[in-house]
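Participant: I have a structure I would like to understand better, so I am pasting it below and will then ask my questions one at a time.
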Amino acid sequence: MPRASYLTDRGPFSTADDRALMCAHDIDTMIAKNSGGAATYSKIAAARALGIEVIMLRRPTPPDALAVETADEVIAWLGHALASAKAHGTARGV
């Protein structure tokens, strides 16, 4: 990209830091992914304070799938899946 600048710095950054960076580079539009966390929100706050357009990329919809929340639930699910695979003759090398 002919007018690109690449910054290799690690956050988290403060809103003031992000605001200064945006001003220093004459940023007029920001594209960001919705990571779902607060750790990188300072760049959104800085852009809004400066009137910079923000294009937010939505997280993809997760596929319909079983979800578990604890290690015990994982072990139970694996036990059931293994027993089912053995019963169907699809558990190779297990």
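The values are calculated or read from the model by the stated rules, or taken from the named source; none is laboratory data. These numbers come from a predicted model, not from an experiment. Reconstructed Cβ throughout: ideal geometry from the backbone, glycine too, with neighbour counts over all protein chains shown. Ligands, DNA and RNA are stripped out before the accessible areas are found, and what is left, the full protein with its side chains, is counted by its heavy atoms. Shrake-Rupley method; radii C 1.70, N 1.55, O 1.52, S 1.80 Å.
Participant: Relative contact order of the chain: what whole-number percent is it, with Cα pairs under 8 angstrom and at least 6 residues apart?
Facilitator: Relative contact order for the chain comes out at 25 percent.
Participant: In addition: Rounded to the nearest 500, what is the 222 nm mean residue ellipticity of the chain from helices alone, with -39500 (n - 2.57) per DSSP H run of 4+ residues and division by all residues?
Facilitator: -12500 deg cm²/dmol
Participant: Summarise the accessible area of the range 1-52 (1.4 Å probe, protein heavy atoms) by the percent that is carbon and sulfur.
Facilitator: Details: 2200 of 4120 Å².
Roughly 53 percent of what the probe reaches on the range 1-52 is carbon or sulfur.
Participant: Next up: Of the listed values (i) 14.3; (ii) 17.6; (iii) 17.2, grab the one calculated as Kirkwood radius over Cα pairs in Å from the structure here.
Facilitator: (ii)
Participant: A further question follows. Short version: ³J(HN,Hα) in whole Hz for each residue of the range 55-65, in order, from phi by Karplus 6.51 cos²θ - 1.76 cosθ + 1.60 (θ = phi - 60°), x for Gly and Pro, what are they?
Facilitator: 9, 9, 8, 6, 5, x, 5, x, x, 5, 7
Participant: While we're here: Could you give the dipole magnitude of the chain about its Cα centre, charging the beta-carbon of Lys and Arg +1 and that of Asp and Glu -1, in debye to the nearest 20? Show your work: numbers first, answer last.
Facilitator: Working: 10 positive and 10 negative charges, 51 e Å.
That gives a dipole near 240 debye.
Participant: Now a separate question. Would you pull out the residues with amide H under 5 Å of Val54's amide H, same chain only if 5 or more places away, H placed 1.01 Å from N?
Facilitator: Under 5 Å from the amide H of Val54 lie the amide H atoms of Met30, each far enough along the sequence or on another chain.
Participant: When the chain is treated as a GNM, springs tying every alpha-carbon pair under 10 Å, which of Ala83, Ala16, Ala45 comes out with the largest mean-square fluctuation?
Facilitator: Looking only at Ala83, Ala16, Ala45, the largest GNM fluctuation is found for Ala83.
Participant: Projecting each Cα onto the charge dipole of the chain (Lys/Arg +1, Asp/Glu -1 at the beta carbon, about the Cα centre), which of Leu50, Asn34, Pro12 comes out farthest on the positive side?
Facilitator: Among Leu50, Asn34, Pro12, the one farthest towards the positive end of the dipole of the chain is Asn34.
Participant: With everything on Cα atoms, drop me the angle between helix 41-50 and the longest principal axis of the chain, reported from 0 to 90° to the nearest 10.
Facilitator: Tilt of helix 41-50: around 30 degrees.
Participant: With the chain treated as a Gaussian network of Cα nodes joined by springs under 10 Å, which of Ala24, Ala65, Ala47 yields the largest mean-square fluctuation?
Facilitator: Evaluated over the chain, the most mobile residue of the options is Ala65.
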